[in-house]
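Below is one structure, written out as structure tokens, with a few remarks after it.
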Amino acid sequence: MDYNFAHIEEKWRDYWRADKTYQVAIDHTRPKYYVLDMFPYPSGAGLHVGHPLGYIASDIYSRYKRLKGFNVLHPMGYDAYGLPAEQYAIQTGTHPAETTMKNINRYRSQLDKIGFSFDLERELCTCDPIYYKWTQWTFIQLFNSYYCNHAQQARPISELIDIFAKQGTKNLDLARTKDLSFTAETWNVMSEKEQQETLMNYRLAYLDDAMVNWCPELGSVLANDEISDGLSVRGGHPVERKSMRQWFLRITAYADRLLSGLGTIEWNESIKDIQRNWIGKSVGASLFFDIEGSDEKIEVFTTRPDTIFGATFMVLAPEHELICQITTDDQRADVQEYVMYTKNRSERERMTEVKRVSGQFTGTYAINPFSGKRIPIWVADYVLMGYGTGAIMAVPAHDSRDFAFACHFNLPIIQVVSKQEEPITDSSTWTESYDSKDGIIINSDFINGLTVREASEKIIAEAEKRNIGKGKINFRLRDAIFSRQRYWGEPFPIYYKNDIPYAMPESELPLELPEIDAYLPTETGEPPLARAKNWKTKEGYPIETNTMPGFAGSSAYFLRYMDPYNKKQFFSKESIDYWQQVDLYIGGSEHATGHLIYARFWNMFLFDLGLIPESEPFRKMINQGMIQGRSSFVYRVNIEKLAEYFIWNKIKDKKLGVEFVQNFRDGKHKFDFFAPEIKLLVEVKRAQSSEKDVSSYAKEKGYKILLIPVRQVIEKTDIILQKIKDVIAGKEIEVFEDSDPLKETGFYVSKNYPGREFYTDPIHVDINLVQNDVLDIDAFRKWMPHFANAVLLLEDGKYICGWEVEKMSKSKFNVQNPDDLVERYGADTLRMYEMFLGPLEQSKPWDTQGIEGVSRFIKKLWRLFHNNENEFVISDEPATEKELKTLHKTIKKIDDDTSRFSFNTAVSAFMICVNELTDLKCNKRAVLEPLLILIAPYAPFVAEELWSQLGHAGSITKQDFPKLDENYLSEKSFVYPVSFNGKKRFELELPVDTKQAEIEQIVLNAPEAAKWIEGKTIKKVIIVPNKIINIVV
RNA sequence: GCGGAUGUGGCGUAAUUGGUAGCCGCACCAGACUUAGGAUCUGGUGCCGAAAGGCGUGGGGGUUCGAGUCCCUUCAUCCGCACCA
């Protein structure tokens, strides 16, 4: 047995590199297929076992597609801009590029070990100027574009300038920041500055003042997904709201297309749902309410215009601009106090105190435009300024939040929707609102008797007629803040002339990231780039000092892989025409509301420019599950005591015929067990320190002694018991010495537990076994069967320290490094094991215990080709029917499973196949050659090696997928399960072409059947040919 | 609260249209070989039962000759969003 994976894998890694086996080029004779992984951010911790899961899957699929005759583009690169490198730079002064390159090199070598079939020539890196030139270029295109809602398309801003000059804003429907309305005359007399400011209202990349999440500690603005519970995800620093001038991308212009596009792509429904939710389209109406004693109107957005007659008050968000104006003098102090209170309430408090009702009456009334009733205007922070208009009409009868508010402040509740078939109840006695849209309108004048839907339509039509409102669609999606006050990101190709931002000429790209002396904001709070010397254009104009966020570089990288060295274009027309779009994208679902939305948006924009043929970037996507860390809570167990009890219970259990005394004391010595009849001392020892002492004492007394190193207790119980039996049987034994009892104890020894004492060992325990911080002993024994009969001694019965199962991370000390596994088992084993773990899309805890099975499987495969002396033994004799049946069954199964990404069952099929061939002692070339091709995508190294041993030159990856011959699969007979009343009772083998009537005859007369039929009448016999026989009695 | 997903042996899992529940692997048990090897091989292994047999896919109910699979209901866990009007 000599499967030397280390040697084999090194050999083929070198071969692939030298041969450029995986290099691809445009080839019009073959269909293309583009398989993409989400490229990694190369963190300092290196790759962990969760990373390769998706990469292995995509690699198997790529290799599979190649065998199937496709020209496969399968590239890899690095998402190199990111906060960790910058943080490290701030702390140590190391240039982020240096840290990043170091990490990339580490990642590359780690990936290389696993045997991925990436076209390494196409590797890209987002922080490389030849790459980010095109990130900047795309930004300029966004800056120079506006969005026409009418055409549902991005258009050049130059076109808009012409339109403004001719007709102003008349008849235009544009994506915009604010509603502006001006004539051509007004436009034409505007100054350059005014015109530019106006254009800013329409650009797809624009500047605006915005409340942002400012983190003083990091000196940076953070995206919503970079914040959790009011603290920054990185570092956990407090985050506050602050108004700043920021770059935005007008992603909201694409809200509808981002939503409808989901219908055209093969993505996991749950990801689509997350995106739908994130975009948050609501159809409703915008209605205007008159304010008593004011010329102003309050605009509200509602999805339930049908309930307008039930609106008994209005609520404004505390930031609403009209509050100051409309508050009456006697309420002013209270309202101001309330507004201040909500302002100081942190984001976090607001989130955690959702249930708490608070608000303040302004003293003013509005007029319900339909009922004409006076309704009070309140201020409350359950209304958010960021959604809709920051004002609502409150319908307490049919909205739970309004209901809670009305109850708290004792405001009237009017029912206007009645569930059909239910009597109308007194709404003042309600304990909850009726929010359902299922019902008939009541108490509502001209819409009475209509359904909710009909009433909504009628109200909207009426409002439009009376010019007091209109139908409106609202989105939850916000424009993306695109500025970061950081160093380590793409600089904006923007300069300021008279404070007006202009795009730099494309010919000056890339605008390279300048060197600076420190990676911190300046004293005055300017971003780090403000430290750069001469950060100005040739003409001397200052350049933007913000940099782009992480998602900038990752939003279109998949296009650049198509033509990574093109200096003149983002990508050539030829390459985009050939590669089109990503056919299969594999990555984590955690990017659902970040990267995956931005990439779609970015792609749609490039589509609008006519640069790419598909408006969706990723045709099909698969999200691999998270691999979670295991071992969570750490218990300290007195391992010697544990071993003693364990052995003691075994001895009692086995009834050895000899009485043992527990804890035998003799003078200064204490032994764990003593059998007086045969003078046997048994001592469980952790270390060797006292062994000599003990054994000399035993010798002196004429006792036999069995010293058991602790680790052996658990692992070698049977052997130990055998030893004891031997002694009882009168055989002589020697003192058993273990060379290094401390080295491995059979438990996981935690290096991270600081106060480890001599007698104790921490044991990692599965978190599921811990409830309310206390270990479930019974469950623990089941989990670790070694302890089934042992008494567990936990210190205080409490956990000592622990952490929860969660994503793998370095900080949790449970990172599993794939390198170690490759070193120990080989890359082929790692690859197959990660696939064998379970369905690709499922989250699963990482557990290396099962890897042995896969390792054995590969050795078994090797042994089909080699004898015990490791000589290559392959026969050219024709294969038998049975062997061919096994082969073709496997071809079919692997083809099916691989094509539907069921890699775990494919691995299982390989195991079955190799088991069967081993049983058949098959070493026929005719069977093993096709099998090797089948397995090559899964275990490429060993496949290549055996392929070359079979005498082939060149790589196995260039072969064709074996052809299935169904003839070998056909069976002559079928073993019918025979059931009575649906319960299987016996089996019956019959030729496959047996007629139904004949089957019935045979079954009913079968001797096994008599027992079940006896004394009963047969009601029915169901026969499904070659499936099942069921007899109803 | 809303949306989505998942519940099958001691464990990871399998069962493509409703048709033999538990494939494959781990762990375990028994044995062979062995030096008491982190190697290999053979057999066993859902639960209860000596057996016959019974019970079994989170719980309850239903449809069906037949349900892990379909329907209703309920519980638990995980993920996403979360005062979105």
With each label point set 7 Å from Cα along the Cα-Cβ vector, what nm distance links A:Ser243 and A:Leu180?
1.9 nm
What nm value, rounded to one decimal, do you get for the distance between A:Asn268 and A:Glu823 when each label is placed 7 Å out toward the C-beta?
3.2 nm
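For A:Asn915 and A:Asp876, what does the FRET efficiency come to when R0 = 22 Å and r is the distance between their Cβ atoms, rounded to the nearest 0.05? Write out the running numbers ahead of the final one.
Details: r = 24 Å, r/R0 = 1.08.
Working from the Cβ atoms, E equals 0.40.
Taking the Cβ-Cβ separation of A:His28 and A:Asp162 as r and a Förster radius of 60 Å, what is the calculated FRET efficiency to the nearest 0.05?
0.90
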Taking all pairs of distinct alpha-carbon atoms in region A:915-1033, Kirkwood radius in angstrom:
18.2 Å
Summing +1 per Lys or Arg and -1 per Asp or Glu among the other residues with Cβ less than 12 Å from A:Leu204's Cβ gives +2
Could you pull out every residue, at least 5 positions away or on a different chain, whose amide H is within less than 5 Å of the one on A:Ala366? Hs are placed 1.01 Å off N in the peptide plane, and Pro or chain starts have none.
A:Glu292, A:Ile375, A:Ile377
To the nearest 0.05, what FRET efficiency results for A:Leu384 and A:Gln569 with a Förster distance of 56 Å applied to their C-beta separation?
0.80
Show me A:74-86, A:178-190 ranked by packing, highest mean number of other Cβ atoms within 10 Å first.
A:74-86, A:178-190
If unit charges are put on Cβ atoms (+1 for Lys and Arg, -1 for Asp and Glu) and the dipole of region A:171-214 is taken about its Cα centre, the option from A:Leu180, A:Thr198, A:Val212 lying farthest towards the positive end turns out to be A:Val212
In the neighborhood of A:Tyr387, defined by Cβ-to-Cβ distances under 10 Å, what is the net charge if each Lys or Arg adds +1 and each Asp or Glu adds -1?
+2
Direction-averaged shadow area of the convex hull around the Cα atoms of region A:83-229, nm²?
14.3 nm²
May I have the count of lysine pairs in region A:105-225 with C-alpha atoms under 28 Å apart, counting pairs 8 or more residues apart or located on different chains?
5
Looking at region A:285-337, I'd like the Rg to Rh ratio, where Rg is from alpha-carbon atoms and Rh is Kirkwood's inverse mean 1/r.
1.00
State which entries of A:Lys882/A:Lys1027; A:Lys272/A:Lys893; A:Lys297/A:Lys465; A:Lys281/A:Lys470; A:Lys885/A:Lys921 exceed 24 angstrom in Cα-Cα distance in the structure shown.
A:Lys272/A:Lys893
Please work out, to two decimal places, the log10 of the ratio I(q)/I(0) at q = 0.16, 0.17 Å⁻¹ from a Debye calculation in which every Cα of region A:853-954 carries one identical scatterer.
-0.64, -0.73
With 0.36 nm assigned to each residue of separation and the Cα-Cα distance removed, A:Val1021 to A:Lys983 gains 12.3 nm
Mean projected area in nm² (Cα convex hull; one quarter of hull surface) for region A:267-408:
9.7 nm²
Test of understanding: what is the full-extension gain from A:Leu950 to A:Glu217, defined as 0.36 nm times their sequence separation minus their Cα-Cα distance?
257.6 nm
Between A:Glu523 and A:Lys679, how many nm apart are label points set 7 Å from Cα along the C-beta direction?
9.0 nm
Region A:20-105 - Rg (one decimal) and Dmax (whole number), Cα, Å:
16.9, 54
What does the extension gain come out to for A:Glu971 and A:Leu609, with contour length at 0.36 nm per residue minus their alpha carbon separation?
124.4 nm
Could you sort the peptides A:833-843, A:884-894 by per-residue average Cβ neighbour count (10 Å cutoff), highest mean leading?
A:884-894, A:833-843
Could you give the distance between the Cα centres of region A:882-911 and region A:450-485, to the whole Å?
54 Å
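Every number here is computed from the coordinates shown, using simple stated rules; none is lab data. Since the model is a prediction, treat every value here as computed from it, not as a measurement. Because the Cβ atoms are built from the backbone with ideal geometry, glycine has one as well, and the counts that use them run over all protein chains shown.
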